[in-house]
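Here the structure comes first, spelled out in structure tokens, and everything after it is commentary.
The values are calculated or read from the model by the stated rules, or taken from the named source; none is laboratory data. Since this is a predicted model, take the numbers as computed values, not measurements. Every residue, glycine as well, gets a Cβ built from its backbone with ideal geometry; the counts of neighbours run over all protein chains shown. For accessibility, only protein heavy atoms count, side chains too; no ligands or nucleic acids. Shrake-Rupley method; radii C 1.70, N 1.55, O 1.52, S 1.80 Å.
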Amino acid sequence: MIFVPLSFLVSLYLLVFLVRLAWQGRGNSGGNGLFLLLLSVHIVQSLLVGLRWGYGVTAILPLLSTLAGLVPPLSWLAFRDLAQERRGLTWRDAVHLLPMLLVLVLLFVWRSGVDIVIVATFVGYGGALLWLSRLGPDGLVASRLDGSLRSWRALQLTGAVLVGSALVDVLISLDMLVGGGRHSPAVVSVATTIVLLLLGIAAVAVGQAESEDDEEEAAGSATAAVVAPESTGPSDQDQKLAGELDRLMAERRLYADAGLNLSRLARRLGSPARAVSHAVNRVHGMSVSQYVNERRVADACRLLSATDMPVTRVAYEAGFMTKSNFNREFLRVTGMNPSDWRKVKASGQMTSV
């Protein structure tokens, strides 16, 4: 029987998603390009892990170590791109290539130092990602509001997995010192495969959240984020910003833009994204994505009541990118699904939304 390493199956699994996401985003290459690159690196890593620990090929170890020095910085750059109003890389971002370059140098001059650099890189960038996640879904100002919750959860997962992977490496080093490395090969193989799978899933989740043709919501994002109101009351500036946002939503129907994000809203208001997020949190007691989705649901209710449009068309007219997200948000706001709401409204049993 032919032996197929588990990591090969992980590569195939991730490759299917890579092709799908690349096809979906063919008209929006800048939206998730870094995540497609990150996913490609995970696929190559999984193949190399299978060759090393499945078939004993040691010649690929330098390449495996080099890619390990690239993954954390690339993960940081991809998520940071969603957290800044002006997306894209600059020449200053070349500094994030230093961990990979340092690994390359150490492979020739001090191999024992490679593991130290990799562990430090995983911990450092993993911690930075977890720190970035403290801002909540609204911190990803360039993420499409329809998918910001999923992107935020993928951010948390990536940060946690990077830190966890570093801890596993430390345990493996201890096993080498204390037990002679008896369990290290099995631990490395299994742990690396799991880490790559989880990192790949996180990259896929963001790619789907930012893709124009996403059809399904990822598992685990079925409930809306709960955002606690700010401990301090809204200031006059918060009230002014929130009022201006309400006006724009009513007059311009900004919520109907399925690609709407916090950065775009902030530019329309002429204010920093963080100020807009704080104003919505303090005045309305919810995140910006929840605020926009409630506007969309209200418009969907109007269309369901006043027209005979199919439910799917109503969802798109109101600004939802996916039917699944529309159904989930409609249920959250109204307590029933769109079809049942229309029936009840038509029967005259409901007087208001």
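Rounded to the nearest 20 Debye, what is the dipole magnitude of the chain about its Cα centre when Lys and Arg each give +1 and Asp and Glu each give -1 at the C-beta?
240 debye
Got a sec? Charge dipole of the chain, +1 on Cβ for Lys and Arg, -1 for Asp and Glu; which of 73, 270, 9 is way out at the positive end?
270
What order do you get for 303-312, 78-87, 195-204 when each peptide is scored by the mean count of other beta carbon atoms within 10 Å, highest first?
Those peptides, ordered most packed to least, come out 195-204, 78-87, 303-312.
Counting only protein heavy atoms and a 1.4 Å probe, tell me what percentage of the chain's accessible area is made up of carbon and sulfur.
63 percent
Mind checking the full-extension length gain between residue 130 and residue 235? Use 0.36 nm per residue of separation minus the Cα-Cα distance, one decimal, nm.
Result: 34.9 nm gained on full extension.
May I ask you to evaluate 6.51 cos²θ - 1.76 cosθ + 1.60, the Karplus curve with θ = phi - 60°, for each residue of the stretch 4-14 and list the ³J(HN,Hα) values in order in whole Hz, giving x for glycine and proline?
For the stretch 4-14, the Karplus-derived couplings read 10, x, 4, 5, 5, 5, 4, 4, 5, 4, 5 Hz, x marking Gly and Pro.
Grab the beta carbon distance between residue 275 and residue 9, set R0 = 45 Å, and tell me the FRET efficiency rounded to 0.05.
0.45
Can you list the HN-Hα couplings for the stretch 114-126, worked out from phi with the Karplus curve (6.51, -1.76, 1.60; θ = phi - 60°), rounded to whole Hz and with x for Gly and Pro?
4, 4, 4, 5, 5, 4, 5, 5, 5, 5, x, 6, x
Work out from phi, with θ = phi - 60° and the Karplus expression 6.51 cos²θ - 1.76 cosθ + 1.60, the ³J(HN,Hα) of each residue of the stretch 86-97, listed in order in whole Hz, and give x for Gly and Pro.
Per residue, the Karplus-derived 3J(HN,Hα) values read 9, 6, x, 9, 10, 4, 5, 6, 4, 4, 6, 7 Hz.
Rounded, prolate or oblate: which one fits the stretch 1-120, using the alpha carbon gyration tensor with axes a ≥ b ≥ c (rounded when a/c is under 1.5, else prolate when a/b beats b/c, else oblate)?
oblate
Just the number please: accessible area per residue for the stretch 243-292, 1.4 Å probe, all protein chains included, in Å².
39 Å²
Using a simple spin-label model with points 7 Å from Cα along the Cα→Cβ vector, what separation in nm is obtained for residue 336 and residue 104?
Calculated label separation equals 6.3 nm.
Rounded to the nearest 10 Å², what accessible area does residue 112 show when all protein chains are kept and the probe is 1.4 Å?
Spelled out: residue 112, probe radius 1.4 Å, area about 80 Å².
Between beta-carbons, use under 12 Å as the cut-off and find the net charge around residue 273, counting Lys and Arg +1, Asp and Glu -1.
Local charge sum for residue 273: +3.
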